[in-house]
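Below is one structure, written out as structure tokens; the observations come after it.
The values are calculated or read from the model by the stated rules, or taken from the named source; none is laboratory data. Since the model is a prediction, treat every value here as computed from it, not as a measurement. Here Cβ is always computed from backbone atoms with ideal geometry, including for glycine, and neighbour counts include all displayed protein chains. Heavy atoms of the whole protein, side chains included, go into the accessibility calculation; ligands, DNA and RNA do not. Shrake-Rupley method; radii C 1.70, N 1.55, O 1.52, S 1.80 Å.
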Amino acid sequence: MSVTPLHLTDGAVAIGGRPVLRGIDLRVESGEFVALMGANGSGKTTLVRALTGLRPLTSGTVELFGTDLRHFHDWQRVGYVPQRLGAATGVPASVWEVVASGRLTRRRLLRPLSRADRSAIQDALEVVDLADRGRDGVSQLSGGQQQRVLIARALAGEPELLFLDEPTAGVDLPNQLALTAALGELASRGATIVLVAHELGPLAGLVGRAVVMRDGRVAYDGAPLADHQVHDPRFAETHLHHHHTDGHALRHDHSPHVASPLEGGR
Amino acid sequence: MLDIFSYPFMQRALLAAFFTGLAAPAVGTYIVQRRLALLGDGIGHVAVTGVALGLLTGIAPTWTAVTVAVLGAVLIEIIRERGHTNGDVALALLFYGGLAGGVLLTGLGGQSAARLQEYLFGSITTISVGDVWVTMAFAAVVILIGVGLAPQLFAVAQDEEFARVAGLNVRAYNLLVAVLAAVSVTIAMRTVGLLLVSALMVVPVATSQQLTRSFRTTLGAAMVLGMVASVGGLSLSALAPAGTRVAPGSTIVLLSLAGFVVTWPLGAWLRRRQLQRAPFPALPPDETATPHDAAQHDHDHGPACGHAAIPHGDHVDYVHDGHRHAPHEQHYDEH
Ligand SMILES: Nc1ncnc2c1ncn2[C@@H]1O[C@H](COP(=O)(O)OP(=O)(O)OP(=O)(O)O)[C@@H](O)[C@H]1O
Ligand SMILES: [Mg+2]
Ligand SMILES: [Zn+2]
Ligand SMILES: [Zn+2]
Ligand SMILES: [Zn+2]
Ligand SMILES: [Zn+2]
């Protein structure tokens with residue numbers, strides 16, 4: 001049971017040759033609830049993508065449940081809520097269908113949905129308060145409602161290790177409370193949760209550990225911080241020149257942004 | 001005139017059209033979902049070289065076409081996956097190369113352009129018994145995979161990154177769709193023809209999504225529409241006046257497009273109606289809104305008054321002229 005769900009050793013990621021994450025060690029034990037925080041562009045999304053295998057590491061190793069990521073196949077234990085829904089596709093898809101795709105990790109090829117699958121999908125829809133919108137097209141929902149669909153999709157898979165990238169951005173307070181209850185329930189069943197957020201809001205009560213990123217490194221790792229502490233100048237990337245006048249800051253983060261829409265994106 | 005349907009060649013053509021019409025939209029739905037509507041067109045162009053190779057060497061064109069089409073589809077998918085900035089130019093080069101190569105090879109083989117034309121725009125009279133069997137077998141495979149693996153193929157096309165974290169082999173599924181598209185192109189070349197095959201993959205999908213909100217119904221309806229257009233169009237071309245020859249590809253595609261033109265306004269009307277009928281969220285009414293003067297009405301709103309009646313919590317709102325009104329005592333409240 002107590003196999004470490006997530007272990008990153010000396011992780012580094014470069015995008016298009018430019019180092020984005022450097023020297024990151026992160027070990028998350030079973031049942032932990034970690035808040036990953038930091039300024040815009042500090043590398044939170046990149047870190048989560050590296051941990052889920054979407055972004056290759058340039059050095060270091062990720063182990064999920066004690067298995068090197070490259071040999072990891074037990075994906076039904078992992079859930080992922082991306083920062084935003086990808087571009088709309090060319091064919092309509094209903095809310096129910098998108099949430100049901102979160103159940104794929106647990107389905108075998110060419111088998112119909114089992115009763116357990118259906119009830120997991122229904123429960124996930126109820127948690128995000130979209131049970132009555134199941135038949136509607138996702139593209140007809142508001143941004144916050146779409147975000148809730150993505151959360152339900154991850155919950156439907158009943159993961160043991162759940163990554164959420166700003167799940168509450170654009171979600172109203174009642175629904176944040178509902179999400180808090182759902183994540184609390186998941187956590188009480190022993191799930192491990194890594195959550196990216198700028199403002200924890202009602203989720204703050206669940207968080208047991210905070211990791212703050214700054215400019216691609218871990219700047220703080222320890223007890224949860226109050227929202228205002230995260231914006232401490234030590235962690236903030238912007239406004240650096242107000243606090244440092246030693247010229248060091250001038251070298252900071254002004255490399256030209258070299259990316260065409262199709263380059264480095266995958 | 002209807003005698004024509006008793007000829008064996010016509011029955012073979014109808015069978016081929018039936019299966020092709022079901023299979024092409026089954027793949028087409030995934031292609032449209034991934035916004036690659038022209039993929040089928042590209043593969044069709046490449047397959048021209050395959051057909052010409054068959055005519056030149058005397059090997060059955062079906063087999064040379066399917067081989068070249070699959071190779072072309074895999075190549076297109078690789079170029080797409082690499083995401084080269086000039087990917088679309090590379091694809092265009094491939095398309096034109098395929099078409100030009102086909103015309104060149106046909107000429108070198110001493111075949112007439114008419115022979116190639118049968119494959120470009122379809123032909124009723126040239127489908128052999130063997131062709132029908134191959135068509136049926138390939139179509140069955142395409143339909144089984146397209147419907148059977150629908151949950152996986154849907155997830156990959158809907159959100160590639162999520163599918164990857166769900167442990168799906170995204171590259172393999174994408175290649176599978178490309179190969180299925182190539183196979184559909186090949187079987188469709190005998191009825192709609194290589195230059196029009198893409199329409200049978202795309203137009204029924206465009207038509208069905210006018211009326212649907214879910215992926216499954218879009219897929220199912222597109223297959224039915226494709227089958228109707230395919231069989232109907234083929235029959236129409238067979239009924240062309242004596243002395244004329246109408247390639248079935250043209251009638252199939254035009255019939256399919258007619259379906260789209262008819263459904264478009266219907267879809268727009270349905271979407272509007274559905275949007276109007278959706279219940280309003282059951283929030284307590286805003287007391288600060290000014291009540292609506294009953295004198296502005298020439299009638300009392302009611303189930304039969306013709307204005308949209310929309311459930312709102314425990315009562316019904318009536319919508320007219322940009323207002324939402326609920327009856328309250330002697331007047332209407334603005335909600
Ligand atoms: N696809 C990409 N191509 C080029 N650079 C990228 C790409 N993705 C991220 N980066 C760079 O990596 C750095 C970290 O980005 P990341 O998205 O991880 O930040 P974040 O902490 O998630 O920010 P936010 O709070 O805005 O979500 C940024 O400097 C960004 O410019
Ligand atoms: Mg981010
Ligand atoms: Zn009225
Ligand atoms: Zn009302
Ligand atoms: Zn009124
Ligand atoms: Zn009133």
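Based on this model, can you work out whether B:Gly167 counts as at positive phi, more than 11 Å from chain A (Cβ to nearest Cβ) and open to solvent by 30 Å² or more (accessible area, probe 1.4 Å)? Answer is no for this residue. Scanning region B:60-78 turns up one or more residues that are within 14 Å of chain A (Cβ to nearest Cβ) and open to solvent by 40 Å² or more (accessible area, probe 1.4 Å).
Criterion applied to A:Ala169, A:Ala154 was being part of a loop (DSSP other than H, G, I, E, B) and either surrounded by 18 or more Cβ atoms within 10 Å (Cβ to Cβ) or away from every other protein chain (no Cβ under 12 Å) (or both), and the one residue passing it is A:Ala169.
Okay, residues lined up against (1) at negative phi; (2) in a helix (DSSP H, G or I); (3) open to solvent by less than 20 Å² (accessible area, probe 1.4 Å):
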position	(1), (2), (3)
B:Leu234	yes, yes, yes
B:Thr244	yes, no, no
B:Ser250	yes, yes, no
B:Leu255	yes, yes, no
B:Ala258	yes, yes, no
B:Thr263	yes, yes, yes
B:Leu266	yes, yes, no
B:Arg271	yes, yes, no
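Which one of B:Val231, B:Val177 is at pLDDT 95 or above, touching a helix residue (DSSP H, G or I) at 6+ places or on another chain (Cβ under 8 Å) and within 14 Å of another protein chain (Cβ to nearest Cβ)?
Details: B:Val231 fails: within 14 Å of another protein chain (Cβ to nearest Cβ).
Result: B:Val177 is the single residue among B:Val231, B:Val177 that is at pLDDT 95 or above, touching a helix residue (DSSP H, G or I) at 6+ places or on another chain (Cβ under 8 Å) and within 14 Å of another protein chain (Cβ to nearest Cβ).
Of all the numbered requirements in (1) open to solvent by less than 50 Å² (accessible area, probe 1.4 Å); (2) out of contact with any Lys or Arg (no Cβ under 6 Å at 6 or more places or on another chain); (3) modelled with pLDDT under 90, B:Gln117 misses one, and that requirement is (1).
Inside region B:1-22, can you point out the residues that are polar (S, T, N, Q) and surrounded by fewer than 21 Cβ atoms within 10 Å (Cβ to Cβ)? Give the steps one after another, and end with the answer.
If we filter region B:1-22 for residues that are polar (S, T, N, Q), which is where we start, we get B:6, B:11, B:20.
Of everything in region B:1-22, those that are polar (S, T, N, Q) and surrounded by fewer than 21 Cβ atoms within 10 Å (Cβ to Cβ) turn out to be B:Ser6, B:Gln11.
Return yes when B:Val192 is within 23 Å of B:Leu39 (Cβ to Cβ), away from every other protein chain (no Cβ under 14 Å) and not in a helix (DSSP H, G or I) and no when it is not. Yes; evaluated as a whole, the condition is true for this residue.
Determine whether region B:299-306 contains at least one residue that is assigned to a loop (DSSP other than H, G, I, E, B), within 16 Å of ligand 6 (Cβ to nearest atom) and at pLDDT below 80. Among the residues of region B:299-306, not one is assigned to a loop (DSSP other than H, G, I, E, B), within 16 Å of ligand 6 (Cβ to nearest atom) and at pLDDT below 80, which makes the answer no. Checked against (1) away from chain B (no Cβ under 13 Å); (2) open to solvent by 20 Å² or more (accessible area, probe 1.4 Å), A:Ser42 passes all but condition (2).
Selection of strands (runs of 3 or more DSSP E) fully inside region A:1-75 by the criterion of at least 2 residues being more than 24 Å from A:Ala223 (Cβ to Cβ) and within 12 Å of ligand 1 (Cβ to nearest atom) returns A:6-15, A:18-28. Could you give me the residue pairs with C-beta distances under 9 Å whose first residue belongs to region B:296-319 and is in contact (Cβ under 8 Å) with a residue 40 or more places away in the chain, whose second residue is within 16 Å of ligand 2 (Cβ to nearest atom) wherever it lies, and which are 6+ apart or on separate chains? Here the result reads none, with nothing in region B:296-319 linked to a residue that is within 16 Å of ligand 2 (Cβ to nearest atom). As a summary of the residue check, A:Glu63 satisfies the conditions (1) without any contact (Cβ under 8 Å) to a residue 40 or more places away in the chain; (2) more than 13 Å from chain B (Cβ to nearest Cβ); (3) of a type in the set (D, E, K, R) except for the one numbered (1). Scanning region A:85-103 for residues that are more than 23 Å from A:Glu160 (Cα to Cα), more than 7 Å from chain B (Cβ to nearest Cβ) and in contact with a helix residue (DSSP H, G or I) (Cβ under 9 Å, 6 or more places away or on another chain) returns A:Ala88, A:Val95. Considered as a group, the residues in region A:55-112 that are modelled with pLDDT under 90 and of a type in the set (A, V, I, L, M, F, W, C) include one that is nearest to A:Ser2 (Cα to Cα), and that residue is A:Leu109. When A:Val3 is tested against (1) out of contact with any Asp or Glu (no Cβ under 9 Å at 6 or more places or on another chain); (2) open to solvent by less than 10 Å² (accessible area, probe 1.4 Å), exactly one condition is not met: (2). For region B:313-335, residues that are among the charged types (D, E, K, R) and in a strand (DSSP E or B) total 4. Checking the structure you have, find out if any residue of region A:121-139 is in contact with an Asp or Glu (Cβ under 8 Å, 6 or more places away or on another chain) and over 18 Å from A:Phe33 (Cβ atoms). No - not one qualifying residue is present in region A:121-139. In the set A:Asp132, A:Asp117, only one residue is more than 24 Å from the chain's Cα centre (by Cα) and acidic (Asp, Glu); that residue is A:Asp132.
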